[in-house]
Structures are given as structure tokens and as C-alpha cells.
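Heads up, the thing below is written out as C-alpha cells.
The values are calculated or read from the model by the stated rules, or taken from the named source; none is laboratory data. Keep in mind the model is a prediction, meaning the values are calculated, not measured. Please note: Cβ atoms are built from the backbone with ideal geometry, for glycine as well, and neighbour counts cover all protein chains shown.
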Amino acid sequence: MAEKYYVGFDMGGTKMLAAVLDTEYTECASEKMRTPVGAGNKEMLKAIAGLVQQALDTAKVDLKQIAAIGIAVPGPIDRDKGLVIDLPNAGMHDYHLRDELESRLGARVVLENDVNAGTYGEFTSGAAKGKRNVIGVFPGTGIGGGIIIDGALYRGHSGRAGEIGHMIVEAGGRRCGCGKYGCLEAVCSRTAIAKDLVHLALNGQAPTILDKAGTDIAKMKSGVIKKAMDAGEKAVIEVVERAAWYLGVGLGSCIDIFDPDLVVIGGGLVEKLGRAYLDPIERSMRAHTMAAPDTKLVEAKLGDDSVVIGAAVLAAKELD
Ligand SMILES: [Zn+2]
């Protein structure tokens, strides 16, 4: 029997990534494409299968050598049933993606939450390599979280564990997309920051934001926020530091509950803003913890690769 391999797949909201890994979990090849927006169940299946095949061709690996495929999904899933419940951007609803993909490719498939996969990737090969207890947090459009306890991903009773972004840090505060009020995500995601920046742009306190993004929240990407901070726009810096402070409030509680070796933080805001964002988070995190003042906050290392690596390794461990 020829050597075996694994595939990790990230069904991102804007782009999809497929990677082939060997048994040492080293990436042999990867391919990416734009996510076909609104494609629907069947077209998405075709696109996913096609991109997997493309990555295999690049790696010169045959489908028969694939022992497991891990698919990371950025939306609600039923892992046991292999069901994607809702992915509005891709137009995928109530779809048995695992079974459909297995019969199309003839290889075993496991579905995984994308942030769990990202956290696990950093734990396997990235910033948390060699640790046992890890909290992963990824502030972006929303705020995703993942929890690793004693070297295993913690899934909880119904498989939904790790939703750090929906921890309430400002009871009765802003309404969150989940329906609650004052979640971390509602208070300090990039979307929350952008909502504040709209006001600043309109009242003349954020000229760089107004120039680069107007008052369009969707255009207020991390890179634009960085430009405004670099230009010394005080009100923008205050908004970002306030968001960082709240994130630290939430992470401080996580530390007291889980006493982790490490908190890994990734995503666009961290990648673009760096220390200007991390330092206030870390200060606040320490100010809001009692149990473990030496717990480190470290930046994720793998970027986009964390999700594909984590998805592949989690699938490998489940099916091998
Ligand atoms: Zn929420």
C-alpha cells in the first residue's frame, strides 16, 4: 500500500483552501479558490470536490491514498450527522455534505467547526505546539473561539463548546447577532469597531477612515483601521483600545475558568494591528484575572493554514 495522506479543507466565507498533508502532518501542497457566493448545495459540492482534486494533483497524490478529509465549516453544523445546517454566503442549507462528498470522492470525510480547526492547527503545528491546555480566540467579522483541554479539543455536551465570542461582558449592552446583549462579539469584533468608526467618520474625527472606506462598514477592513491608527487619529485609536480592553475582560475570565498554558489570538485584526492591539488586550487580560498572572497571550503563527491543518489532523485522529 502506498503511503497515506490527509486532506484539510477550509470553506471560508470569501475563499476556500484545500491542503494535502502527510502522516507527519506536514503540508505537501495546497490550492485555493474564491468561494462561489450563493452557489447552493450541489454547486458547492462540485466546487469542493474539484478543489480537493486540484490539490491532490499538485501534490501528485491519488485519492485512494487519502485516509481522511477534514472539512472546516464557518457556520452551524451537526457533526454526528455530517450535516451543514446553514451557510448563507455559500447558499448551503440543510445539506448532508459529509455523505455526499464521501460518495463523490470515495474517501472518508469529517466536518468540523472552522474555529475549532484553527485552534487545533495552532496546537498541532503553530504557536501552541507542545502545550496541553489552550484557549484560541480569533477576532474578525465575529469572534470565534476554541478550547483544548489536556491535549484534546473540548466540544461540550452538544458540540457547541468554545463560543468565547458569545460570553457576555457588558450585560444589557449592544445586541449581538446571536440575539443576546453585550456579547464579546457585539462589543469588540471588527464589525463592532467599524460601527463606532462610522460615527467618527461622519463627525470628522477619522479622516483616513472616511477617505478609504467612507461610511461603509464592509470596507472598514483591518488594513484601513491600521492606516488611521498610523496617521495618529486619536479617536480611532481609542475605539480600538476600548475593544481590546473588553476582549481582555473576556479572556481574563477564560483564564480564571480554564487556567490554560497559553492563549492564542489570531485573525485579521491581530495580523494587521500587531502590538498596538495586542498590548492593551494583554494589559486588560491581566487586570481581569486572579488565577494565573503568568499565562501568555501569543499571536497565532499559521495564518490561513491553521484551519486546514487542524481540520486534517482532527479528521485523521478520528478516522485513522
Ligand atoms: Zn452573541
(request) Enumerate the pairs (first residue in region 81-101 and farther than 13 Å from Lys46 by Cα and touching a residue at least 60 places away in the same chain (Cβ under 8 Å); second residue anywhere and among the hydroxyl-bearing types (Ser, Thr, Tyr) and surrounded by fewer than 16 Cβ atoms within 10 Å (Cβ to Cβ)) with beta-carbon separation below 9 Å, excluding pairs fewer than 6 apart on the same chain, so at least 6 apart or on different chains. (result) Asn89/Thr14
(message) Just to be sure I understand, how many residues within region 139-173 are over 20 Å from Gly75 (Cα atoms), surrounded by fewer than 15 Cβ atoms within 10 Å (Cβ to Cβ) and within 16 Å of the ligand (Cβ to nearest atom)?
(response) 2
(request) Please specify each residue of region 265-304 satisfying the condition of being farther than 18 Å from Arg190 by Cβ, touching a strand residue (DSSP E or B) at 6+ places or on another chain (Cβ under 7 Å) and not hydroxyl-bearing (Ser, Thr, Tyr). (result) Glu282, Met285, Lys296, Leu297, Val298
(request) Being in contact (Cβ under 8 Å) with a residue 40 or more places away in the chain and surrounded by fewer than 24 Cβ atoms within 10 Å (Cβ to Cβ) narrows it down to one of Val115, Val110, so name that one. (result) Val110
(request) Would you mind stating whether Glu122 is closer than 23 Å to Tyr25 by Cβ and either surrounded by fewer than 21 Cβ atoms within 10 Å (Cβ to Cβ) or in contact with a Gly (Cβ under 8 Å, 6 or more places away or on another chain) (or both)? (result) yes
(message) Which count do you get for residues in region 167-202 that are over 19 Å from Glu238 (Cβ atoms) and either in contact (Cβ under 8 Å) with a residue 12 or more places away in the chain or outside the structural domain of Ile237 (by TED's automatic domain parsing) (or both)?
(response) 9
(message) Suppose we keep only residues that are surrounded by fewer than 18 Cβ atoms within 10 Å (Cβ to Cβ) and more than 12 Å from the chain's Cα centre (by Cα) within region 300-320. Which one would you say is farthest from Ala152 (Cα to Cα)?
(response) Lys301
(request) Report, ordered by the first and then the second residue, all pairs with beta carbons closer than 6 Å, sequence separation of six or more or different chains, a first member in region 121-140 that is under 15 Å from Ala161 (Cβ atoms), and a second member that is of a type outside the set (D, E, K, R) and part of a loop (DSSP other than H, G, I, E, B). (result) Asn133/Pro260; Val134/Ala128; Val134/Pro260; Ile135/Pro260
(message) For region 174-183, give me each residue that is touching a strand residue (DSSP E or B) at 6+ places or on another chain (Cβ under 8 Å) and near the ligand (Cβ under 9 Å from one of its atoms).
(response) Arg175, Cys176, Lys180, Tyr181, Gly182, Cys183
(message) Being closer than 27 Å to Gly142 by Cα, part of a loop (DSSP other than H, G, I, E, B) and in the same structural domain as Val313 (by TED's automatic domain parsing): is that true of Lys32 here?
(response) no
(message) When you check Gly214 against the structure, is it in the same structural domain as Trp245 (by TED's automatic domain parsing) and within 16 Å of the ligand (Cβ to nearest atom), yes or no?
(response) no
(request) Tell me, please, whether a residue that is in contact with a Gly (Cβ under 6 Å, 6 or more places away or on another chain), outside any loop (DSSP other than H, G, I, E, B) and either surrounded by fewer than 20 Cβ atoms within 10 Å (Cβ to Cβ) or not hydroxyl-bearing (Ser, Thr, Tyr) (or both) can be found in region 287-299. (result) no
(request) For Gly248, state whether it is of a type outside the set (Asp, Glu), assigned to a loop (DSSP other than H, G, I, E, B) and away from the ligand (no atom under 16 Å from the Cβ). (result) no
(request) Please go through region 24-58 and pick out each residue that is more than 21 Å from the chain's Cα centre (by Cα) and crowded, with 21+ Cβ neighbours inside 10 Å. (result) Ala55, Leu56
